[in-house]
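In what follows, a single structure is set out as structure tokens and then discussed.
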Amino acid sequence: GKTWTTVRDLDLTKKDQEVLVRARVQTVRGKGKSAFLVLRSESFTVQAIMFVDDVTVSKGMVKYASNIPKESMVDVAGFVRQPGEKVKSCTQQDVEIQVTGISTVSKTSTALPFELADAARSTKEVEEAKARGENLPTVLQDHRLNNRVLDLRTPANNAIFQIQSGVCMLFREILLSKGFREIHTPKLIAGASEGGSSVFKLQYMGNYPSLARPACLAQSPQVYKQMCICSDFDKVFEIGPVFRAEDSNTHRHLCEFTGLDIEMSIKEHYFEVLDVIGDMFNYIFEGLNKRFKKELDAVREQYPFEDIEFLPKALKLTFAEGIKMLHEAGYTHVDPYGDLNTETERVLGKLVKQKYKTDFFILHKYPLSVRPFYTMPCPEDDKLSNSFDVFIRGEEIISGAQRIHDPELLIQRGKELDVDPETVNLYAGEGGMLRFGAPPHGGCGVGLERVVMLFMGLNNIRKTSLFPRDPNRLTP
Ligand code: 4AD
């Protein structure tokens, strides 16, 4: 009998079996007594062919199939066959379906805003055409994002979000195995969690005048994950939305992104946090390469990239060592007590890659003055701090630190940096988390969209955010 299968699972092991698949009609071409369809589901396509044979396939059926609008969803029954020619694309299955029946599940009922093939065109294809003097149609990012439901159907885009799901799965797996527990902290909060400027303000219960009061959307779970540590949860993580009202129109900033946050108690040294991060990313990188090979190839076909290199044990460099490398390479203006910028981070990424053969590294002991108020100063040098950033391909994916657990020191740092007293009180006010004995602790925040973007060397964070929010975009 016929059994349901997916386009993804169609291969030669099913040769000559009769199968049922549900898929999109990517293209269809009728030609006299035959019709040729490309069916697509998730990131995968398969050729389907129909010939009038007067037994199962009638003239009427071929005509019906030839007129199905592109992107309609169909159910197709047919025999799995080995095609005469070798398949060229890694997203196209190397079998064909010889159709015995087709029915429309749901029809496209409007003109397509762009051709999916144009949106899915690889850079290589476009460049090769240019070299021949042809101009292939391409679709602007804004137009694609305006029509995201259709745009998400390209094989590369579908794969990107399968990989994004994979990163979250691997993050959970490794941390749960290390004894972390998953938490869910509030996103509606009373005071800014990361200091003033980038906070989304709102009126809490604003539709009830007697209850209305100012509030904001969480810029990170920072305060609350620390509260969990002070409640003796020992090791926690969260996957949740992070809101930043920043007017940054760059390739790597969003106004809402997904934070993968970690917080843990520290027994002796903040390197305990760095070791968790190093292990975790090796697990994520290896897991992606092993379990998501087809998806990575689907992305690579449209957006070619080289695999990242990483070491069995993550490289740690101090900020001072990083600055020294930059100075030696001629970037003598870089301030050892300032911060790096997008350009100097990229240069450092290249220098590290040349010297240590890795695209993934940790830079630690940052100057205290460039870090948030809750960051632990370095015990040996109070101009420095027990803090770190982590980079992939020379771009920041993580920042983190050991936290101040002494309430007096925290109050002092809050005053020095002019932090909202509401926020400082959550730590060191009456009832504040540090008032009842707090363990030394530290953690970090990882930007999910940045990890996915940089793992595959993509050039824009909007490619790895399902429905991106930036200063100009709030829909769809
Ligand atoms: O560097 P950030 O702001 O650090 C924190 O939120 C701290 N609470 C982390 C901690 O535990 N100490 O954000 C952490 C990460 C960045 O490294 C970056 O990957 C990502 O979040 N990120 C953004 N991603 C997209 N768009 C933005 N506007 C981002 N801002 C930060």
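Go through the stretch 437-459 residue by residue and tally those that are touching a helix residue (DSSP H, G or I) at 6+ places or on another chain (Cβ under 7 Å) and surrounded by fewer than 17 Cβ atoms within 10 Å (Cβ to Cβ). Before the answer, list the steps.
At the first step, the residues of the stretch 437-459 found to be touching a helix residue (DSSP H, G or I) at 6+ places or on another chain (Cβ under 7 Å) are 438-439, 441-444, 448-453, 455-456, 458.
Subsequent filtering for residues that are surrounded by fewer than 17 Cβ atoms within 10 Å (Cβ to Cβ) retains 439.
Final tally of qualifying residues: 1.
Okay, residues lined up against (1) among the hydrophobic types (A, V, I, L, M, F, W, C); (2) under 19 Å from L152 (Cα atoms):
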{"residue": "V57", "(1), (2)": "yes, no"}
{"residue": "Y64", "(1), (2)": "no, no"}
{"residue": "F79", "(1), (2)": "yes, no"}
{"residue": "L116", "(1), (2)": "yes, yes"}
{"residue": "R121", "(1), (2)": "no, yes"}
{"residue": "L136", "(1), (2)": "yes, no"}
TODO: Considering only the stretch 339-403, give the strands (runs of 3 or more DSSP E) lying wholly within it that have at least 2 residues that are within 11 Å of the ligand (Cβ to nearest atom) and in contact (Cβ under 8 Å) with a residue 60 or more places away in the chain.
DONE: 387-392, 395-402
- [ ] May I ask you to list pairs of residues, at least six apart or on different chains, whose Cβ atoms are under 8 Å apart, with the first in the stretch 260-272 being over 15 Å from I398 (Cβ atoms) and the second being within 12 Å of the ligand (Cβ to nearest atom) and not basic (K, R)?
- [x] S265/I229; S265/H441; I266/V273; I266/Q402; I266/H441; I266/G442; E272/M264; E272/G442
- [ ] Please find, within the stretch 420-475, the residue that is modelled with the highest pLDDT out of those that are of a type in the set (V, I, T) and in contact with a Gly (Cβ under 8 Å, 6 or more places away or on another chain).
- [x] V446
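If you go through the stretch 404-426, how many residues are away from the ligand (no atom under 16 Å from the Cβ) and among the hydrophobic types (A, V, I, L, M, F, W, C)? Can you show your working first?
As a first pass, look at the stretch 404-426 and keep what is away from the ligand (no atom under 16 Å from the Cβ): 406-409, 411-412, 415-416, 418, 421-422, 425.
The next check asks that each one be among the hydrophobic types (A, V, I, L, M, F, W, C); those that pass are 409, 411.
Adding up the residues that qualify gives 2.
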Task: In the stretch 242-271, the residues that are crowded, with 16+ Cβ neighbours inside 10 Å, more than 20 Å from the chain's Cα centre (by Cα) and charged (D, E, K, R) - done: E263
- [ ] Considering each of D234, D247 in turn, give the residue that is on the phi > 0 side of the Ramachandran plot and not hydroxyl-bearing (S, T, Y).
- [x] D234
TODO: Quick one: which residue in V273, V242, V223 is assigned to a strand (DSSP E or B) and within 11 Å of the ligand (Cβ to nearest atom)?
DONE: V242
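The values are calculated or read from the model by the stated rules, or taken from the named source; none is laboratory data. Remember, predicted model here, so these are calculated numbers, not experimental data. Virtual Cβ from ideal backbone geometry, glycine too; neighbours counted across all protein chains shown.
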